[in-house]
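Input: one structure, supplied below.
Where a number appears in this text, it was derived from the coordinates with a stated rule and is not lab data. If you're wondering where the values come from, they're calculated on a predicted model, not measured in any experiment. When we count neighbours, we look across all protein chains shown, and the Cβ atoms used for this are built from the backbone with ideal geometry, even at glycine.
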């Protein structure tokens with residue numbers, strides 16, 4: 001029997017991501033309620049799928065048809081809405097990444113989930129991507145030192161990907177871009193938000209490879225909207241290069257890993273689309289090249305399946321791992337913010 | 001027909017592939033002289049009256065000489081550079097990864113820095129350097145002729161037994177990715193635009209033949225001199241000095 005899902009949030013991440021994803025899992029989930037924060041978009045979306053709509057979270061949390069709360073609101077709202085869901089008696093939560101934006105929030109929400117036995121999945125879709133599992137297995141089996149990890153993200157506007165999985169209603173607001181020259185504190189704050197909100201896609205995977213970052217040596221804001229970060233963890237160099245662009249080439253989303261013996265590239269598909277798993281390629285030190293066969297399942301479907309399995313009693317919530325992932329991301333974001341300020345000669 | 005003076009087998013083959021414009025000879029006077037990264041040999045060629053000097057696999061500071069100098073850098077072919085820069089806009093950022101075995105790491109780093117400079121569109125200034133036992137990362141900033149500032153992040157690592165590898169990526173609305181992978185025989189430029197990806201036809205000409213053609217062009221006053229760019233890349237490589245880099 002399909003479980004009822006109440007979605008908190010009605011932005012593009014719901015219209016173009018979670019509704020199409022849940023349509024692929026119709027035997028396990030059915031969206032019964034959509035709530036917005038006052039934009040009116042929830043009613044529009046809900047009408048399209050025959051669900052109920054409301055504003056704020058109270059009505060959705062009081063809806064007895066909601067078995068699963070999907071939190072797809074802005075990141076700063078996540079922790080409070082998880083706690084409100086638990087307080088309302090809901091025991092199954094899908095939370096879009098990030099889980100929370102401060103370490104204190106992470107502790108609070110996970111303590112509440114642990115205490116109540118709440119099934120929780122955080123939508124770190126790259127971590128759920130089957131190709132990442134293969135890449136990680138390859139590295140684990142090789143048991144070699146990782147020399148470097150380079151994460152590259154180059155993103156055009158999302159509209160083109162929304163357009164292939166949904167139909168937009170109304171007029172989308174033009175994306176806001178910060179000015180090229182700005183105060184260092186603003187730049188640092190933007191970098192922090194980008195790490196927590198965008199870089200988070202790959203940070204649990206990065207933690208798989210580099211469990212502890214010793215230092216973020218440098219971080220810079222990159223116009224029009226992006227960052228570069230260079231860090232060290234043990235004997236591994238980590239670089240992150242991210243650019244959100246106003247137009248142009250298709251999305252590039254790559255994790256490049258150089259080990260003592262191999263080079264691995266994991267190229268993730270663009271956000272929103274359902275084109276199977278990432279592409280994982282390995283080049284050995286002597287030039288042999290292997291490309292793993294992609295899996296039909298993508299990370300978005302896989303993360304919702306993981307929640308369905310938990311609700312069916314398959315597997316357990318790895319709270320410690322979720323906590324470590326969240327703390328890792330927040331720690332990196334904080335360190336990057338500090339590094340931007342340090343680079344600009346501004347006291348944190 | 002221009003005389004080429006060389007004792008390198010690969011350049012003798014290149015002469016054979018330029019049968020109407022070059023021939024082998026012994027006298028430096030008026031000739032293209034091919035030397036292998038040897039300061040003394042470069043000076044001797046210049047003093048011998050060479051019309052142009054080709055330095056194969058340069059690996060150290062080059063002396064000042066009057067003759068035009070063409071550098072044959074293994075992983076920075078000028079024809080690929082031209083492909084990578086043709087019609088390119090100012091990127092938002094440039095990312096470069098490189099690795100090689102210790103013996104080839106310094107040259108690989110210099111060529112990786114060359115690609116960073118080329119793709120960023122201007123000379124680099126070192127911002128921050130960080131190191132681990134087997135590699136170095138660095139963040140640079142390039143200033144383009146139009147005054148745009150482009151951040152660059154580069155990582156170079158040592159890997160035992162590895163052939164040289166460079167991947168350089170210019171990220172903007174259009175992207176340009178350059179891959180040099182000796183083990184796989186790859187030397188390619190790929191462009192990505194909103195319309196899709198394009199990959200120019202492979203360059204089948206040997207790098208030695210290309211260097212000789214450039215030397216002939218330099219004699220004719222057509223081609224430029226590679227020394228200034230080399231000096232910039234070499235200075236930055238020195239600034240990144242680390243035991244892992246040899």
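To make sure I understand, if each residue's beta carbon is the centre and we count other beta carbons within 10 Å, what order do B:219, B:13 fall in, fewest to most?
Least to most surrounded, the residues fall as B:13, B:219.
What does the average come to when, for each residue of peptide A:228-240, you count the partner chain Cβ atoms lying within 10 Å of its Cβ?
5
Using only Cα atoms, find the angle between the long axis of helix A:78-87 and the longest principal axis of chain A, and express it within 0 to 90 degrees, rounded to the nearest 10.
Approximately 40 degrees, to the nearest ten.
For the pair residue A:49/residue B:186, report the inter-label distance in nm, with labels modelled 7 Å from Cα in the Cβ direction.
Output for this residue pair reads 3.9 nm.
Based on alpha-carbon positions alone, could you give the equivalent ellipsoid semi-axes of the stretch A:52-106 from the gyration tensor, as √(5λ), descending, whole Å?
19, 11, 9
If each Cα of chain A is one equal point scatterer, what is log10 of I(q)/I(0) from the Debye formula at q = 0.08, 0.09, 0.10 Å⁻¹?
Debye curve over Cα of chain A, log10 I(q)/I(0) at q = 0.08, 0.09, 0.10 Å⁻¹: -0.38, -0.49, -0.61.
Also, I was wondering about something else. Return one quarter of the surface area of the convex hull spanned by the alpha-carbon atoms of the stretch A:1-44, equal to its mean projected area, in nm².
Mean projected area for the stretch A:1-44: 2.8 nm², to one decimal.
Against the longest alpha carbon principal axis of chain A, how many degrees, from 0 to 90 and to the nearest 10, is the axis of helix A:299-311 turned?
60
Hey, another quick one. Wrap a convex hull around the Cα atoms of the stretch A:191-348, take a quarter of its surface area, and give that in square nanometres.
Seen from a random direction, the Cα hull of the stretch A:191-348 projects 11.6 nm² on average.
Quick check: Cα centre of the stretch A:297-348 to Cα centre of the stretch B:88-135, how many Å?
So the separation of the two Cα centres works out to 30 Å.
Mind checking the mean number of beta-carbon atoms from other chains within 10 Å of the Cβ atoms in B:87-95?
Mean inter-chain Cβ contacts per residue within 10 Å come to 5.
Once both axes come from the Cα atoms, what is the angle between helix B:227-239 and the longest principal axis of chain B, in degrees from 0 to 90, rounded to 10?
For B:227-239 against chain B, the angle is about 50 degrees.
With springs only between Cα atoms under 10 Å apart, run a GNM on chain A and tell me which of A:220, A:288, A:119 wobbles the most.
It is A:288.
Label-point separation (nm) for residue A:247 and residue B:38, each offset 7 Å from Cα along Cα-to-Cβ?
5.6
List residues of the stretch A:321-348, by number, whose backbone nitrogen lies under 20 Å from a label position 7 Å along Cα→C-beta of residue A:189.
A:330-348
On to the next question. How far is it, in nm, from the label point at residue A:1 to the one at residue B:23 when both lie 7 Å from their Cα along the line to the Cβ?
Label at residue A:1, label at residue B:23, 9.6 nm between them.
Separate question: Taking neighbour Cβ counts within 10 Å as the exposure measure, how do A:182, B:1 sort from fewest upward?
Ascending number of Cβ neighbours within 10 Å: B:1, A:182.
For residue A:327 and residue A:116, compute 0.36 nm times the residue count separating them, minus their Cα-Cα distance, and round to one decimal in nm. Each step should come with its number before you reach the end.
Working: separation 211, 0.36 × 211 = 75.96 nm, distance 2.14 nm.
Between residue A:327 and residue A:116, full extension yields 73.8 nm more.
Could you grab the Rg to Rh ratio for the protein assembly as shown? Cα atoms only, Kirkwood for Rh. If you can, show how the numbers build up before the last one.
Values: Rg = 27.4 Å, Rh = 26.0 Å.
Rg/Rh for the protein assembly as shown comes to 1.05.
Sorted from fewest to most neighbouring beta carbons within 10 Å, what does the list A:97, A:90, A:136 look like?
On the way: A:97 24, A:90 21, A:136 18.
Ranking A:97, A:90, A:136 by Cβ neighbours within 10 Å, fewest first, gives A:136, A:90, A:97.
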